[in-house]
Each structure stands twice: as structure tokens, then as C-alpha cells.
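For reference, the structure discussed in these notes is given below.
The numbers here are math on the coordinates, done by the rules we state, and not lab data. Predicted model, so just to flag it, every value in this text is computed and none were measured. Cβ placement follows ideal geometry from the backbone for every residue including glycine, while neighbour counts extend to all protein chains displayed.
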Amino acid sequence: MGKFFDHINPHQQEFIVKQKMFFVATAPLAIDGHINLSPKGIDSFRVLSERQVAYMDIIGSGNETSAHLLDNGRITIMFCAYDGPPNILRLYGTGRTLLPGDSGWDQLSAHFELQLATRQIILADIDMVQTSCGFSVPLYEYMGERDHAIKWANAKGADGLEAYKKEKNRVSMDGLPTAMFDRY
């Protein structure tokens, strides 16, 4: 079952900072809605305090996280050790989406190296932290970041990305509005 904590302690923060990949899980309240689980990387995660985290989100083919956070706010973020001692760390909490131009965007975005492909920042208030063994997580060697998203965004250009977000990022696969819904 693991150990539970009510905040991120310094040892856990040190573990988070060393990880090259994390996973974000959200779900709508509707029983027939689809659960979303997304891998993330590119040095996009920040621990802001012992109870608050944020990550820079890159434009993708869907925007399920934003829709689910607007629907109910629930979010789980998971980190796994792929080298060194085995460990899994989960952050449970409530989140919200910040878009460029929103109140707090300038202050929060200063924590990241924004990309042309940056779509939004997800801010989460953490109410529970869980660690577990991770004994069955395989060992992997980190070889570097993929540059596909950055190349894709650069090829589309700012206007092309705006059109893409309007077409693909306004509603979830279940038809729920995202934070971008009223912007486009």
C-alpha cells in the first residue's frame, strides 16, 4: 500500500527533480467518460512548495487534462525511478489550467523555459503524497529528449498552432469543454 504524506518533503522533492518523465492522470465525473493518462517530459515539472506543483503542457492532439480539471479538478501525477533505488511517488490533488493572458500566468510561466509549443500550465494543489516500492519497474537508461514536438511546432508556426488548438484542443474526446473553449 505504500506510505502516505500530507505534503512533499525535501527527500521527495529531490527525487522528483531527478526524474526525466512523469505521468498525469485525470478523469471526468461521468461514469461513461474516458480516463486520461499522459506521459510528460522535457524538463517541464516544477515543485513550487510542499503543497503546490506545476507543469508546462505542450500542444497535443487532445486536451483531456484541461477538460477534466474544469469538470472536477481531480489530478494524480506519478513519478517512477528508472535508475537507482526503486521508487514510485504519486501526488494527489486538485488542479487548474492557466493559459497565456490569465491572471498569474506571467508569474508562473517564469518558472519554465517556454516553447513555441507551450499550450498551457497546469497548476495543482497537493493534498496527499504516496510512495511505494517500485520493485517491478524496469531499469532504463536515459538517452535524451525527443525533439519532435518542438520541430512540429516550429514547422506549423504561431498561426498554424493557433488554428490547431482551435480545431483539436477546445473540447475533450467526450465533448467536455477545456479552458480554451471560450478563447477560440
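If you consider only alpha-carbon coordinates, what radius of gyration and Dmax does segment 61-116 have, in Å?
Every Cα atom of segment 61-116 included, Rg and Dmax give 14.7, 42 Å.
Using alpha carbon centroids, what distance separates segment 117-171 and segment 20-50, in Å?
One Cα centre to the other: 9 Å.
Ordered by packing density, taken as the mean number of other Cβ atoms within 10 Å over each peptide's residues, highest first, how do 95-105, 154-164, 75-85 rank?
Packing order, densest peptide first, comes out as 75-85, 95-105, 154-164.
Can you give the local net charge around Ile77? Use residues other than it whose beta-carbon is closer than 9 angstrom to its beta-carbon, Lys and Arg +1, Asp and Glu -1.
The answer is +2.
Spelling out what I want: for every residue of segment 170-176, take phi, set θ = phi - 60°, compute 6.51 cos²θ - 1.76 cosθ + 1.60 (Karplus), and round to whole Hz; glycine and proline get x.
Calculated HN-Hα couplings, in order: 7, 9, 7, 5, 9, x, 7 Hz.
In straight Cα distance, which lysines are under 23 Å from Lys40, not counting same-chain residues fewer than 8 positions off?
Lys18, Lys20, Lys151, Lys156, Lys165, Lys166, Lys168
Beta carbons within 10 angstrom, averaged per residue: use that to sort the peptides 65-72, 32-39, highest first.
65-72, 32-39
Over all directions, the average projected area of the alpha-carbon convex hull for segment 40-91 comes to how many nm²?
Computing the convex hull of the Cα atoms and averaging its projections yields 4.7 nm².
Can you give the Rg and Dmax of the chain based on its C-alpha atoms, in angstrom?
Answer for the chain, Rg first and Dmax second: 16.5, 48 Å.
Output the 0 to 90 degree angle, nearest 10, between the alpha-carbon long axis of helix 148-168 and the longest principal axis computed from the alpha carbons of the chain.
Here the helix axis deviates by roughly 60 degrees.
For segment 99-105, take each phi angle, set θ = phi - 60°, evaluate the Karplus expression 6.51 cos²θ - 1.76 cosθ + 1.60, and give the result in whole Hz per residue in order, putting x for glycine and proline.
Once θ is set to phi - 60°, the couplings for segment 99-105 become 10, x, x, 5, 4, x, 4 Hz.
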